[in-house]
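Read the structure below first, then the notes.
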Amino acid sequence: MNFDTLNLPEPLTRALATAGYQQPTDVQAAAIPPALAGRDLMVASRTGSGKTASFMLPALVRVLAARTQAAQAGQATPDPSAAARTPHSRPRRGAAGPHAHRPAHPLPAARILVLAPTRELAQQVAKAAQDYGRYVPGLTVATLVGGVPYGGQLRALRGGADIIVATPGRLLDHLGSGAARLDHIQMLVLDEADRMLDMGFIDDIRRIAAATPAARQTVMYSATFSGDAGRLAAELLRTPARIEVASHTEAHADIEQRLHWADDFGHKHALLEHILGERDLEQALVFTSTQRDAEMLADRLADIGHSVQALHGGMPQGQRNRVLQGLRNRHLRVLVATDVAARGLDVPTISHVINFGLPMKEEDYVHRIGRTGRAGRAGLAVTLAERRDFGMIQRIQRFTTQRIPAATIAGLEPRRAEPRPLSRAGTAGKPPGRSAGKVPGKARDKAFGKPAGGLHSRSRGRDFESRGRG
Ligand code: AMP
């Protein structure tokens, strides 16, 4: 399939050509046609799959349709109320929503609202909107996230944003003050909905959705639709098309995974330093479990000469932005971060993701490793684990239904044997099949397999700092 079959308007196909995209990704091919037809969607797709364009392109089609209608009506400023009818919309519950017959408001109101769990993801989505919408005349995107001053956001809202990309807390502030209006929203996107629910945003999402017209189109992206995410979908979506393109159980084809067992903290450091010295490492994203660990590890790596910074939710937003900018323009070779960087971060030159501290939840492992192997490049995801991490390693392997192949580095082999799962009878089960032989500096065991059954999971017995809201 190529983009022509999607019948996208010329300004969008031109932007895709500028971006160098040859053909739609699976999620784009599956989601764009029903989204253009105005359907609600439940989309389960893996990180890095191109999901942002799968909702942003249909969103931009709506913006373009409104531009065309405004031009036909001879208006200098697009009339938001006219935009309730796009060529792709269909009659919805309650005709065109509670505000369909209102006269045009003096300020143009946003048509598209994207909610995202973290500031980083929101900023990434806003940038994608600008990129894919670069040839949409006068496109305006307001990014409403916490941790930054209100002034710029208020100016963006007053100017009449076509698209609002927001984290829920800051959007509610702007709604409360009357600065933001959602009564002309035609399309509501919940990006990484499972993560927003994990972060306790359920009531915020409900309040925000209630402030949008009932006739809106709602599209929801989530790693899973079980539990709360499924219930929220049942509340907010109407006869949605369900799209599951590549679940978390699928291998990240472009990402090689590798596991190193470490005897102790010092051994883990030695392994990290060795990996950071590998010649094929362009840029590395090193994850820690806590904010404090991120700071301490970044300091330590800086002391031994690495160009490195820390990134975590406890830092002011301006500083976080500067650090990310340093990574993008390659002033930094190593970023040490908490899970605040696990989603949304899209820097194609990250060749290595290194789990120095394990994530709190197994699904975050999938998001973390998705920071490498982006835009068609190969990536390496290395996990450094101590024996006490064994339970979490097993949970990750069960979650992904993939084994993370174990490997050793010549001269840095662990003294202790690799931990082994116990069988149900309490006897040692089949060992988890470590990489055959030692490959200096680079493991090459690609033998993915199902984890052994009947495994006992153990709690990790570690403390984690709570992660801040976006
Ligand atoms: P996403 O999952 O939306 O974060 O996108 C992951 C990466 O894939 C980003 O670097 C996008 O620029 C890139 N991408 C999205 N769609 C395509 C496509 N059709 N062809 C090539 N790259 C793409």
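Counting only Cα atoms, the stretch 255-449 measures 55, 33, 31 Å along its principal axes, largest extent leading. Computed over the stretch 282-378, the alpha-carbon pair-distance distribution with 5 angstrom bins reads 3, 15, 27, 28, 20, 7, 1, each value a whole percent.
Compute the length gained on full extension between residue 244 and residue 158: take 0.36 nm times their separation in residues and subtract their Cα-Cα distance, giving the result in nm to one decimal.
Numbers: separation 86, 0.36 × 86 = 30.96 nm, distance 3.82 nm.
Gain on extension, residue 244 to residue 158, equals 27.1 nm.
Inter-label distance, residue 279 to residue 398: 4.3 nm, where each label sits 7 Å from its Cα along the C-beta direction.
The calculated FRET efficiency for residue 150 paired with residue 207, based on their beta-carbon distance and R0 = 22 Å, is about 0.70. When each of the peptides 281-290, 12-21 is scored by how many other beta carbons lie within 10 Å of its residues on average, the order from highest to lowest is 281-290, 12-21.
Can you give the charge dipole size of the stretch 106-240 about its Cα centre, rounded to the nearest 20 debye, using +1 on the beta carbon of Lys and Arg and -1 on the beta carbon of Asp and Glu?
Values: 14 positive and 13 negative charges, 88 e Å.
The calculation lands at about 420 debye.
Available extension along the chain between residue 263 and residue 292 is 8.2 nm, counting 0.36 nm per residue and deducting the alpha carbon span.
Rounded if a/c is under 1.5, else prolate if a/b beats b/c, else oblate: with a ≥ b ≥ c from the C-alpha gyration tensor eigenvalues square-rooted, which is the stretch 197-247? It comes out oblate by the Cα gyration axes. Here the alpha carbons of the stretch 251-309 define both size measures, Rg and Dmax, at 12.6, 37 Å. Treating r as the C-beta distance of residue 415 and residue 325 and R0 as 60 Å, the FRET efficiency rounds to 0.90. Projected onto its three principal axes, the C-alpha set of the stretch 173-216 covers 27, 24, 13 Å, listed from the longest axis down.
Here, each number is a calculation from the coordinates, and none is a lab measurement. Worth saying up front: this structure is predicted, and the values here are computed from it rather than measured. Virtual Cβ from ideal backbone geometry, glycine too; neighbours counted across all protein chains shown.
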